Amino acid sequence: MTQTDTETVAEQDVPGRTRWGVFLAILAVPTLVVAAVIALLVAWLFTDDSVASDVKKTSCAEALAFGGAKMPTGARDAWCGLEAGPESRYTARFRMPRAEIDAWVAAGFPQGPELRTTQCGDAQVDACLTAGPVANERASVQIDITHDSRTWSEVRFVAFTL
């Protein structure tokens, strides 16, 4: 029988051809997914998400004064900022000697309130304080204290207008 133009011949494997292309295509998808996950993890680790994009760094003296307090003498690792918006909101984070916390709070808020160790909202917080408008201003203050060790504590201070 002879082959005519209208007949089709079954496709046969060409010698020397492999199926590596299919294998590599199947392997490429999980590899790209893993690479994307690693890239996102690295970006997350090196991004300071504790600072919102609308927060600008400011002096800690200004941030604490807005809430009627002063920076403690032995404070370390301080960072302070001002959130942009219709109402002022200052934030401060610093570490200070644990033994000096009560004296610092008493000096900043002589009329009270005192630190409390219950009903702080966050289970990780060891002591907290919420004060209404202070220092003849319209500012309210929230302080959260977490004890890092026997000698040091981290203080998160927020002063905002009502």
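The values are calculated or read from the model by the stated rules, or taken from the named source; none is laboratory data. Every value quoted in this text rests on a predicted model; they were computed, and no experiment measured them. Backbone-built Cβ (ideal geometry, glycine too); neighbour counts: all protein chains shown. Just so you know, the surface numbers come from the protein's heavy atoms only, side chains and all, with ligands and any DNA or RNA stripped out. Shrake-Rupley method; radii C 1.70, N 1.55, O 1.52, S 1.80 Å.
Pairing residues of the stretch 90-106 that are farther than 15 Å from Gln142 by Cβ with residues that are at pLDDT 95 or above and part of a helix (DSSP H, G or I), at Cβ distances under 7 Å and at least 6 apart in sequence or on separate chains, gives no pairs at all. Name the single residue, out of those in the stretch 118-138 being in contact with a Leu (Cβ under 8 Å, 6 or more places away or on another chain) and closer than 22 Å to Leu82 by Cα, that is modelled with the lowest pLDDT. Among them, the one singled out is Arg138. Could we say that Ser140 is touching a residue at least 12 places away in the same chain (Cβ under 8 Å), farther than 23 Å from Gly74 by Cα and surrounded by 14 or more Cβ atoms within 10 Å (Cβ to Cβ) here? Against the criterion (touching a residue at least 12 places away in the same chain (Cβ under 8 Å), farther than 23 Å from Gly74 by Cα and surrounded by 14 or more Cβ atoms within 10 Å (Cβ to Cβ)), Ser140 qualifies. Selection within the stretch 58-84: residues that are assigned to a strand (DSSP E or B), modelled with pLDDT of 90 or more and among the charged types (D, E, K, R). The member of this set that is farthest from the chain's Cα centre (by Cα) is Arg76. Each residue in the stretch 148-161 was checked for being out of contact with any Pro (no Cβ under 7 Å at 6 or more places or on another chain) and either farther than 18 Å from Leu82 by Cβ or open to solvent by 50 Å² or more (accessible area, probe 1.4 Å) (or both), and 6 of them qualify.
Kindly evaluate Gly21 against the criterion of being small (Gly, Ala, Ser), open to solvent by less than 70 Å² (accessible area, probe 1.4 Å) and under 23 Å from Thr161 (Cβ atoms). No. Glu87: under 25 Å from Gly108 (Cα atoms), open to solvent by 50 Å² or more (accessible area, probe 1.4 Å) and assigned to a loop (DSSP other than H, G, I, E, B), yes or no? Yes. Can you tell me which residues in the stretch 90-113 are outside any strand (DSSP E or B) and either modelled with pLDDT of 85 or more or hydroxyl-bearing (Ser, Thr, Tyr) (or both)? Across the stretch 90-113, the qualifying residues are Arg98, Ala99, Glu100, Ile101, Asp102, Ala103, Trp104, Val105, Ala106, Ala107, Gly108.
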